[in-house]
Structures are given as structure tokens and as C-alpha cells.
Amino acid sequence: MTLVRSAVGIPSADSLPIVLDIVHVTKLLGVSRSTVDRMDAEEKIPAPIRAGRSKKWDSDGFLIWLRTRRPDGEPFTRAEWARQTN
């Protein structure tokens, strides 16, 4: 599978905290909190780091995932992304 990069409208890692919370992720994806929760449950976004009930994401890894698309323009699922990065 070929990686295609698309960085239009995505902020640099320097402008974000090291760890992203749900608010940052909703803003980056342009979706609601419930949509992020559903995407996480359906494994359509990278796996969060869980601390109790809170979810956090590594900003570098999340931004790389966000910038990288499958050849059809869709984002990688969690399983596809794991295969690409391992």
C-alpha cells in the first residue's frame, strides 16, 4: 500500500502540546466529541493512551496519521496504520 501525504490545513506539531486531549482531537478532525468516541470504538483513529476514563493521543503520531492517507484519499484505520508503521 502506498502512503500519500496531505498536509493541507493541518497545524505543525510545534503549535500543539505533546499529548492531545479530546478537545484538540475534535478540533483537528472537525467533529464532535461523540464522533471521536465512535471513531475510537470503531478503530478508525489511532489508539489513545488511556488514564482512567480520559483519553490522550501522542501529538506527533496523531499528526502523522492525520497527514497520511490511503491512495483513495481516506484515512488509514487503526489496523492499517499499525501495519504501515510496524
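Here is how the numbers come out for the structure above:
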item	result
Whichever residue in region 34-67 is among the β-branched types (Val, Ile, Thr) and not in a helix (DSSP H, G or I) and, among such residues, is farthest from residue 84 (Cα to Cα)	49
Filter result (loosely packed, with under 15 Cβ neighbours inside 10 Å, modelled with pLDDT of 90 or more and hydrophobic (A, V, I, L, M, F, W, C)) within region 18-30	23
Positions within region 33-60 being crowded, with 16+ Cβ neighbours inside 10 Å and not charged (D, E, K, R), in sequence order	36, 39, 45, 46, 48, 57, 59
Only listed residue being modelled with pLDDT of 90 or more and out of contact with any Ser or Thr (no Cβ under 9 Å at 6 or more places or on another chain), chosen from 14, 40, 72	40
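The values are calculated or read from the model by the stated rules, or taken from the named source; none is laboratory data. Quantities reported herein were computed from a predicted structural model and do not represent experimental measurements. Note that each Cβ is placed from the backbone with ideal geometry, even for glycine, and that neighbours are counted across all protein chains shown.
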